[in-house]
Each structure stands twice: as C-alpha cells, then as structure tokens.
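Input: a single structure, listed below in structure tokens.
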Amino acid sequence: MNTLQAALLTLFPALVIIAALTDATSFTIPNRVSLLLLAVYLPASLLLGRPLTEMGVDVAVGLAALVCGMAMFAAGWIGGGDAKLFAACALWLGLRGAPSFLLITALAGGGLAVLLLNARSSGLRTYFAAGPAWLTRLATPGGDVPYGVAIAAGALAAFPQSGLVAAFHGQF
C-alpha cells in the first residue's frame, strides 16, 4: 500500500512541473493537467486515510483559490490556465500548505517578472533570438509572463507541508 500511496503523491510534483514547462514554452497550461490534479486528489487522500473533515477543508481552500484565480483572470492579471492550476494546487496543499504556497508563489512571480523585464530590455534578446522559438517569445518586450512557473515554484516548495504529505509520513 505504501508504494501506491507514494506513487500517487509523486503525481502532484510531476504534473506541476509539466504545467510549468508547458507554460514557459507555449504560454498555455493544458486543461488536462489541472483536471488530472483534481482527479488524483481524492484517491490519494482516501488511500492515505485522511479524515473527511480535512478533505473538506482542502476542498474549501481549493474553491477559495478558484474564486481568487477567476477574479485575477477577470482583471487580466493571469491567464485562465494559471487560475485553474492555482486552484488545483491549493486543493492539494490545503490549509497547512496555503500560507507558504501563497508567499512563495508571489515571490517567485515577482522574481520571474523582474527576470523577464531584464531579459526583454537588454542586449540579451540577441542571444535569446539564437535559441528556440519559445525562448525568443519569452524575451519579446511586452510579452506575457508564464505565471504557471511561479505557481509551480510555490506549489513544489509548499508540498512538503501539505496534509497529504503529513498523512504519508504519519504512517511510518
């Protein structure tokens, strides 16, 4: 049983990394990534023996994140894929991981914005132009920011604090 539990837990970081990579290279996060995160949460929680009350709190945190993500999308601050990934990650991280997730995502987003501003305003664009097309798009002045990268950084950093990881460690 521990092997299956560990395998289910590894899906979270794997899917979050896939989301970050696809966002960085194409400025899109496939819906299937967020849907897979949602689909795997319940079996992972149940197999880890988490109480339904804790799972309910996780769902509430995920819904609150979805509402916040939708508001940020409506304001034009983030893309729709970012909002969905943000909510799916919040579901997995729950109340225990939410503070770290929010803080690290905000810091990573700021760092990413500064990095892209520097890359877009300097002579480095010439070097980026010699690279793959996705790198050229990242260095294009006025371009979008792949905020899924920052969400992934926050999610990966906060994951060890989540209730799911705590339940897994509690079995040893």
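Remarks
- Flag if Gly79 is surrounded by fewer than 22 Cβ atoms within 10 Å (Cβ to Cβ) and under 21 Å from Pro30 (Cβ atoms): yes
- A residue that is at pLDDT 95 or above and within 17 Å of the chain's Cα centre (by Cα) cannot be found anywhere in the stretch 45-57.
- Boolean, Ala65 is at pLDDT 95 or above and not aromatic (Phe, Trp, Tyr): yes
- Enumeration of residues in the stretch 1-51 that are surrounded by fewer than 18 Cβ atoms within 10 Å (Cβ to Cβ) and either charged (D, E, K, R) or not in a helix (DSSP H, G or I) (or both): Met1, Thr28, Pro30, Arg32, Gly49, Pro51
- Considered as a group, the residues in the stretch 125-144 that are among the aliphatic types (A, V, I, L, M) and in contact with a helix residue (DSSP H, G or I) (Cβ under 6 Å, 6 or more places away or on another chain) include one that is nearest to Trp92 (Cα to Cα), and that residue is Leu135.
- Scan of the stretch 100-133 for residues that are more than 16 Å from the chain's Cα centre (by Cα), surrounded by 14 or more Cβ atoms within 10 Å (Cβ to Cβ) and touching a residue at least 12 places away in the same chain (Cβ under 8 Å), ordered by number: Leu116, Ala119, Arg120, Arg125
- Test set (1) of a type outside the set (Lys, Arg); (2) under 30 Å from Asn2 (Cβ atoms); (3) surrounded by 20 or more Cβ atoms within 10 Å (Cβ to Cβ) - Ala166 fails condition number: (3)
- Lone unmet requirement of (1) hydrophobic (A, V, I, L, M, F, W, C); (2) part of a helix (DSSP H, G or I); (3) in contact (Cβ under 8 Å) with a residue 60 or more places away in the chain; (4) crowded, with 21+ Cβ neighbours inside 10 Å for Ala87: (3)
- Taken over the stretch 134-162, the residue count meeting the criterion of being assigned to a helix (DSSP H, G or I), within 18 Å of Ala7 (Cβ to Cβ) and touching a Gly at 6+ places or on another chain (Cβ under 7 Å) is 1.
- Restricted to the stretch 1-44, and to residues there that are over 19 Å from Asp58 (Cβ atoms) and among the β-branched types (Val, Ile, Thr), the residue that is modelled with the lowest pLDDT is Thr3.
The values are calculated or read from the model by the stated rules, or taken from the named source; none is laboratory data. Predicted model only: the values in this text are computed from it and were never measured. Note that we place each Cβ from the backbone using ideal geometry, even for glycine, and neighbour counts take in every protein chain shown.
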